[in-house]
Amino acid sequence: MIIGLTGGIASGKSTVVRAFESLGVPWVDADDVAREVVQPGEPALASIAERFGTAVLQEDGSLDRRKLREIIFNDPKQRLWLESVTHPQVRKRLLEHLERLQASQPAYVMLVSPLLFESGQDALVDRSVVVDVPEEIQLQRTLARDDVSESQVRAILAAQLSRQERLSRADDVIDNSGSETEMREQVAQLDQRYRNLSRP
Ligand SMILES: CC(C)(COP(=O)(O)OP(=O)(O)OC[C@H]1O[C@@H](n2cnc3c(N)ncnc32)[C@H](O)[C@@H]1O)[C@@H](O)C(=O)NCCC(=O)NCCS
Ligand SMILES: Nc1ncnc2c1ncn2[C@@H]1O[C@H](COP(=O)(O)OP(=O)(O)OP(=O)(O)O)[C@@H](O)[C@H]1O
C-alpha cells in the first residue's frame, strides 16, 4: 500500500514523515527527487539554462534555486513551463524509488509531495493524508525557516491548492497546528490504521 502525504509549503510534511519513519515506515520525498532531476548533467537543467540563460546558474554550473524561484513564482506561464519539464522526470523517478522501497514488503510506504493533487501524483497512491494548518501558520513558519519575503510566500501559496480544496480531496487529515507531541499522537493512530488496512 502506498500512502500519499501532502500539504502546502511549511505545513510540516518533513516533520510528520520523520514521525512515521520512527515507526519504521519507508518514504520518498518528491521535493528531493525534483532536486535530483536538475543536477548538472541532467537534461532538465540544460533546458532550464537554454530558456532562462546562464543567470539561473551558479559559477559551478549548478542551478541557482533562489533565482529560478523568483522567476517562476512571479509568472505562472514560466512555472507551468518548468513543471512541464520537471514533473514527467519526477514521476518516472518516484515510481523507481517506490518500487525499491516496496521490495522488502513493508506494511506500507509513503510518498511525500507538496503537489500530490496538483501534479496528478495522487494516481500513484492508494490513499492520501493531508498535513493541515491555517495559511497564517504556513506563512509564519516559512518566514521563520527560509530567507524569503512575505510577498514571495504569498505567491507560492497562490500557486498551490487552497486549504479547502486540499482537505476536500484528502482521505485522512493530520492537524499540525498544535504541538509536535499532539502531531505524533495522530501519526501513531494513523500508523495503526494503515497497518490494519494493509493486512490481507
Ligand atoms: C523553483 C525551485 C527551483 C525553488 O527551489 P527552492 O530550493 O527555493 O525550494 P524547494 O524546492 O525546497 O521548494 C519549496 C516549496 O515550494 C513549493 N513549490 C515548489 N515548486 C512548486 C510548484 N511548481 N508549484 C507550487 N509550489 C511549489 C513546495 O511547497 C515546496 O515544498 C524548485 O522548487 C523547483 O524546481 N520547483 C519545480 C519542481 C516542482 O514542482 N517541485 C515540487 C515537487 S514535484
Ligand atoms: N507542530 C509544530 N509546531 C511548531 N513548529 C513546527 C511544527 N511542525 C513543523 N514545524 C516547523 O515548521 C517548519 C516547516 O516544517 P517542515 O519543514 O516539516 O514543513 P514542510 O511541509 O516539509 O515544508 P516544505 O513544503 O516547504 O518542504 C519547520 O521549521 C518545522 O520545524
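Name the aspartates and glutamates eligible as straight-distance cross-link partners of Lys67: C-alpha to C-alpha under 20 Å, and not fewer than 8 places from it in the same chain.
Asp31, Asp32, Glu36, Glu42, Glu50, Glu59, Asp75, Glu83, Asp146, Asp147, Glu150
When only DSSP loop residues count, what GluC sites (Glu not before Pro) in segment 1-108 have their Cβ near at most 14 other Cβ atoms within 10 Å?
Taking segment 1-108 and a limit of 14 other Cβ atoms within 10 Å, the loop GluC sites (Glu not before Pro) found are Glu59.
Could you give the Stokes-Einstein D for segment 33-91 in µm² per second, using the C-alpha Kirkwood radius, 20 °C, 1.002 mPa s?
Approximately 188 µm²/s, per Stokes-Einstein.
Taking every pair of alpha-carbon atoms in the chain, give the share separated by more than 24 Å as a whole percent.
So the portion of pairs separated by more than 24 Å is 44 percent.
Applying 1/(1 + (r/R0)^6) with R0 = 30 Å to the Cβ-Cβ distance of Gln39 and Ser14, what FRET efficiency is obtained, to the nearest 0.05?
My answer for the efficiency is 0.90.
Along the charge dipole of the chain, which of Leu82, Met1, Asn176 sits closest to the positive end, that is, farthest toward it, with unit charges on the beta carbon of Lys, Arg, Asp and Glu (+1, +1, -1, -1)?
Checked the options; the winner is Met1.
Could you pull the accessible area for Asp172 with a 1.4 Å probe, rounded to 10 Å²?
Its heavy atoms expose roughly 10 Å² to the probe.
What percent does the relative contact order of segment 33-91 come to when contacts are Cα pairs within less than 8 Å and at least six residues apart?
38 percent
Skipping prolines and chain starts, which residues have an amide H placed within reach, meaning under 5 Å, of the one on Ile174, given they are 5 or more residues away or on another chain?
Under 5 Å from the amide H of Ile174 lie the amide H atoms of Val130, Val131, Asp132, each far enough along the sequence or on another chain.
Among Thr6, Thr181, Thr15, what's the order by accessible area (1.4 angstrom probe), most exposed first?
From most exposed to least exposed: Thr181, Thr15, Thr6.
Which whole-Hz couplings ³J(HN,Hα) result when phi for each residue of segment 109-118 is put into the Karplus expression 6.51 cos²θ - 1.76 cosθ + 1.60, θ = phi - 60°, listed in order with x for Gly and Pro?
Per-residue couplings from phi come out as 10, 10, 10, 9, 7, x, 10, 3, 7, 4 Hz.
Ordered by residue, what ³J(HN,Hα) values in Hz, to whole numbers, does segment 56-62 give under the Karplus form 6.51 cos²θ - 1.76 cosθ + 1.60, where θ = phi - 60° and Gly and Pro are x?
So the J values, rounded to whole Hz, are 8, 10, 8, 4, 7, x, 7.
Distance from the Cα centre of segment 153-200 to that of segment 31-109, in angstrom?
25 Å
Let me spell out the model: positive unit charges on the Cβ of Lys and Arg, negative unit charges on the Cβ of Asp and Glu, origin at the Cα centre of the chain. What dipole size does that give, in debye rounded to 20?
I would put it at about 320 debye.
The values are calculated or read from the model by the stated rules, or taken from the named source; none is laboratory data. Bear in mind the structure is a predicted one, so any value in this text is a computation, not a measurement. Here the Cβ is made from the backbone with ideal geometry for all residues, glycine too, and neighbour counts use every protein chain on show. Please note that ligands, DNA and RNA were not included when accessible areas were found on the heavy atoms of the full protein model with its side chains. Shrake-Rupley method; radii C 1.70, N 1.55, O 1.52, S 1.80 Å.
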